[in-house]
Structures are given as structure tokens and as C-alpha cells.
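Report on one structure; see the data block that follows.
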Amino acid sequence: MGLFDFQLDLFRIKKEVSVSTISSEFSSKSLVAFRYNPRLKKSMRCSYKGIFGRPEVTLPSYMKTDDFVFARELAAQWAFCAHKRKTAKNKAEIKNLLDRFWAAVDQVLADKGEKTLDARGRFPPIRSKGKHYDLDQVLAAVNETYFAGELDCRITWSSRWGGLSFHSIRKDPITGESVHVISISKGYDASNCPLYAIAGVVYHECLHIKIPVVIKGNRRIVHGRDFKRCERKYIYYEEWMNWHKTVLPKNLRAGRHEK
Ligand SMILES: [Zn+2]
């Protein structure tokens, strides 16, 4: 398969609309009850009712819809942990659940095209469709052409304009598993960006998954000899590098004023 033969977009198939059986009042997995407060936006509260200390979590009102069901279950788990004695292990679990909860909330907001709450260090909301390029399609083509379709990762446009392209390993907010996340600079989502350039930067970030950082003494070798050698296997390497050095900085300067 050639680089430019994009795969069929399997995700554009409309899901069947089904009648909701999800309760917004109770967790389906525990004894936690949910309440909603329109004044809350970036916070939630927990109280414990009755002699058994049944947790009741108060969430922002916008989290009442079905698409927040996974996030609500994370909030329910958090409420149980928050009620327990604060050992070091439990404190770490509380932090882990809170991070996953807010990351899951951000992803739902991003999927709906709404403004995200964006906190540093959290799992970034995945937005792969840009104005000019759909990163899922570029990734599928690069993965197929150069990695036999074996790479498993998520890809998103960077959340800020000045953002650089990078690869990181994050905890998936829903499953808690470690996943590879590639973030691509928005300077590439432009009408003056040829396909070989966007595919070049995606290929570069994919290589970071294939060739992990080498630690030598107290040095981290990110772009070692092996990396550089593989990077040059990209057929439009020179053209991409040239675009990256000459056009990308201009795009980023021009885009700084955009929202
Ligand atoms: Zn790199």
C-alpha cells in the first residue's frame, strides 16, 4: 500500500441510536450515588450518608449525560478511596483516580467539540481531526507503509499553537493502561503543508515508539545513531526537513494570533 492510499475511514459509520438504560443517579458498579450542581465546573465533592457511610458524589451538572458514564464510575471509585485511611498507597490511588477522572472528562468535552478544562501533565484530550488533515488517516498510512501496521498509539493535534510535536507514554484515563500518545504541532495543520511534511513528522514520532530512549550514564539519548539511520528511510526525508526548517516556523509565527 502506498503512502497516499489512505485507508477507508471506518469510523465515519454512524452508530445506531439506542435508548439509554444508564442511570445518572447511581453508579452501576458500586453503592455510590451521584448528585449534580450547576455551580460546579472544575471540581466535585463527596459526602458520606448513613451508618454505612454510603458515598454521595456531587458533580458539575454538565456531567449528567450518558457520555460521562465512564468518568462518573471513576468518580465513584475515587469517593471510596477518599473515605479510607490516608496511607501512602491510598493517597497515590486517590491521585491516580483524580487524574484519570479529569482526563476522561476532558476527552468527552473534546469529543463534543467543547472547550476542555486542560490541566498540565494529564492525559491530553485526543483531537485528531484538524482543519486540513485528519491525523488518524496520516498515522494509518505511515503505520501501514513503514511499520507493517503494528504500531499501537493515539495521535492528536497539540492543544496550544506553539506546541511542538512529541511522543509520550500516558495512562489511559478509562483503562488505566499505559499508552503511546503522539502530539503533532498545529503548524502542520495548514493549507501550505504538503502531505510529505505531515507524514514526515508523524513518521518521526512513530519512530520514538519503535526506538526507545537509551540511558547512558546520566544521559538520555533520544535521537541516537540508530534513530537517525531509520529516520532517513523516509522517502521524503530531505523535503520534509526542508519544510520543517523553513515553512513551519513561519506558520507558527502566523498562527500565534489565532485562537
Ligand atoms: Zn524526536
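The values are calculated or read from the model by the stated rules, or taken from the named source; none is laboratory data. Small disclaimer: the values here were computed from a predicted structure and weren't measured. Heads up, the Cβs are rebuilt from the backbone with ideal geometry, glycines too, and the neighbour counts pull from every protein chain shown.
Considering the conditions (1) part of a helix (DSSP H, G or I); (2) more than 14 Å from the ligand (Cβ to nearest atom); (3) surrounded by fewer than 18 Cβ atoms within 10 Å (Cβ to Cβ), Ala199 is excluded by exactly one of them, (3). All conditions in (1) under 25 Å from the mean Cα position of the chain (by Cα); (2) in a loop (DSSP other than H, G, I, E, B) hold for Ile235, with the sole exception of (1). In region 41-63, the qualifying residues are those that are under 20 Å from Asp106 (Cα atoms) and surrounded by fewer than 16 Cβ atoms within 10 Å (Cβ to Cβ), and the one that is nearest to the chain's Cα centre (by Cα) is Lys42.
Go through the residues of region 207-217 one by one and say whether even a single one is farther than 15 Å from Glu150 by Cα, touching a residue at least 12 places away in the same chain (Cβ under 8 Å), more than 14 Å from the ligand (Cβ to nearest atom) and of a type in the set (Gly, Ala, Ser). No, the conditions are met nowhere in region 207-217. Considering Leu97, Leu74, Leu109, the condition of being farther than 20 Å from Ser30 by Cβ and not β-branched (Val, Ile, Thr) is satisfied by Leu109 alone. Checking the stated criteria, Ile198 turns out to be of a type in the set (Val, Ile, Thr) and either in the same structural domain as Trp102 (by TED's automatic domain parsing) or touching a Phe, Trp or Tyr at 6+ places or on another chain (Cβ under 7 Å) (or both).
With respect to the stated conditions, Ile184 is within 14 Å of the ligand (Cβ to nearest atom), modelled with pLDDT of 95 or more and under 12 Å from the mean Cα position of the chain (by Cα).
For region 152-175, the set of residues classified as within 16 Å of the ligand (Cβ to nearest atom), of a type in the set (A, V, I, L, M, F, W, C) and surrounded by 18 or more Cβ atoms within 10 Å (Cβ to Cβ) consists of Ile155 only. Filtering region 35-44 to residues that are of a type in the set (A, V, I, L, M, F, W, C) and either without any contact (Cβ under 8 Å) to a residue 12 or more places away in the chain or in contact with a Leu (Cβ under 6 Å, 6 or more places away or on another chain) (or both) leaves only Met44. When region 221-241 is examined, which residues are found to be within 12 Å of the ligand (Cβ to nearest atom) and exposed (fewer than 15 other Cβ atoms within 10 Å of the Cβ)? Ile221, Val222, His223, Gly224, Lys228 - these are the residues of region 221-241 that are within 12 Å of the ligand (Cβ to nearest atom) and exposed (fewer than 15 other Cβ atoms within 10 Å of the Cβ).
Filtering Lys250, Lys245 for residues that are within 16 Å of the ligand (Cβ to nearest atom), without any contact (Cβ under 8 Å) to a residue 12 or more places away in the chain and part of a helix (DSSP H, G or I) leaves a single hit, Lys245.
Does Cys193 meet the test of being within 16 Å of Ser128 (Cβ to Cβ), away from the ligand (no atom under 16 Å from the Cβ) and modelled with pLDDT of 95 or more? Spelling it out, Cys193 is indeed within 16 Å of Ser128 (Cβ to Cβ), away from the ligand (no atom under 16 Å from the Cβ) and modelled with pLDDT of 95 or more.
Determine whether Ser20 is in a loop (DSSP other than H, G, I, E, B) and over 30 Å from Trp157 (Cβ atoms). Answer is yes for this residue. The strands (runs of 3 or more DSSP E) located wholly in region 23-135 that include 1 or more residues which are among the aliphatic types (A, V, I, L, M) occupy 33-37, 54-60.
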